[in-house]
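Colleague: Structure incoming, see below.
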Amino acid sequence: MTFVRRLIFSFALTAAFFAGCETTRDVQYDREPAAQLKAMRFGDIGLDFITLLFDVEIDNPYPVSLPLQRLSYALVSGGHTFLTATAFDNVTVPPNTKKVLTLPDEVTYARLLQALGSKPGSTIPFKADLTLSLDTPGSGWTNLHVENEGSIVLPESPEINVEGKTYDAVDVIFVPTPQDVVDKMLELAQVRKDDLVYDLGCGDGRIVVTAARRYGCRAIGFDIDPRRVKESLENVQKNNVGHLVGIEQKDIFTLDLSKADVITLFLLSRLNVKLIPQLEKLKPGSRIVSHNFAMDQIKPDKVVTMFSSEDPFEHTVYLWITPLKKEMGE
């Protein structure tokens, strides 16, 4: 075979190879992903949140995994949209697979009942409209729209017993304070190693854990929700501060706060006001810091605003030093 013929033959093989690859690619991607909503149901329920579960069957025809990162949904009952939300889930659908994924979202149960105008134990009809956002090869983000109708039973609210009293709800839902705001709260309170810090409504325990780690002080977190108590204890153990930090399941409005040097709060303004009789029993010079919520009737000694690196919102931190000072005119 002459050199020219060899060259032509080589070009022909190369062209045939790439043509074959293109044909294979077309076959692999000639179908689009599809989805079906198989069921909507409730999962775990606590004093604040209930988990809503969507069982979605997703058909991935591609030879690569598909990341599913966002779920948007609207729920309708009796012609009334009672819930719309967006949840972010970092899950993937395996290649060339049809698989049912359970996609969770936590919602505030009290607000859900209020929006429906229903009581626990009721059966409600619903229509669910979901949008799934998938990262598909070659075309970027693809939105799959799925609908389904059915009925669902609203579960009974849980009850807990704390020191002989029964509770079936919390006064405020748990929203974590960004870590840099936690740092600012403790800095503003001028926490020292010999201080005792009380966090009222400790959530996941991040404030008391930070106080112990950064300042070496003792700290106690109080929460009525057993799930939050469990999360806090896990956080204490993870950070090896069990010798400094205690977590107690208590109703914060029954506590004796007189031993504390620093009180940290992330409640609501009306709940801060409810605490005033207890806060007035603190030692002179004790510091109270609150994330985002003031204390009506009481003048703060300092107010600081800041932006967190964890969200786009402005945060306000209030400081009061005992004895508490009434606002002028009160």
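Nothing in this text is a laboratory measurement; each read-out follows from the coordinates by a stated rule. These figures come from a predicted structure and were not determined experimentally. Because the Cβ atoms are built from the backbone with ideal geometry, glycine has one as well, and the counts that use them run over all protein chains shown.
Colleague: Nearest 5 percent is fine: what portion of the DSSP beta bridges confined to the chain is antiparallel?
Modeller: Once the DSSP bridges in the chain are tallied, antiparallel ones form about 80 percent.
Colleague: Give the order of SER290, SER65 when sorted by the count of other beta carbons within 10 angstrom, beginning with the fewest.
Modeller: Placing the least packed residue first, the sequence is SER65, SER290.
Colleague: Okay, moving on. (i) 1.17; (ii) 1.07; (iii) 1.25: which one is Rg/Rh (Cα atoms, Kirkwood Rh) as calculated from this entry?
Modeller: Correct label is (i).
Colleague: So which lysines pass the test for LYS99, namely a Cα distance under 16 Å, with those fewer than 8 places away in the same chain ruled out?
Modeller: Counting by Cα, and skipping residues close in sequence, LYS99 has these lysines nearby: LYS38.
Colleague: Quick check for me: using +1 on Lys/Arg Cβ and -1 on Asp/Glu Cβ, what's the dipole size of the chain about its Cα centre, in debye to the nearest 20? Please report the intermediate quantities before stating the final value.
Modeller: Details: 35 positive and 44 negative charges, 147 e Å.
With Lys and Arg at +1 and Asp and Glu at -1, about 700 debye.
Colleague: Still on this structure, I have one more. How much FRET efficiency would the formula 1/(1 + (r/R0)^6) give for LYS98 and VAL153, where r is the Cβ-Cβ distance and R0 is 30 Å, rounded to 0.05?
Modeller: The calculated FRET efficiency here is 0.55.
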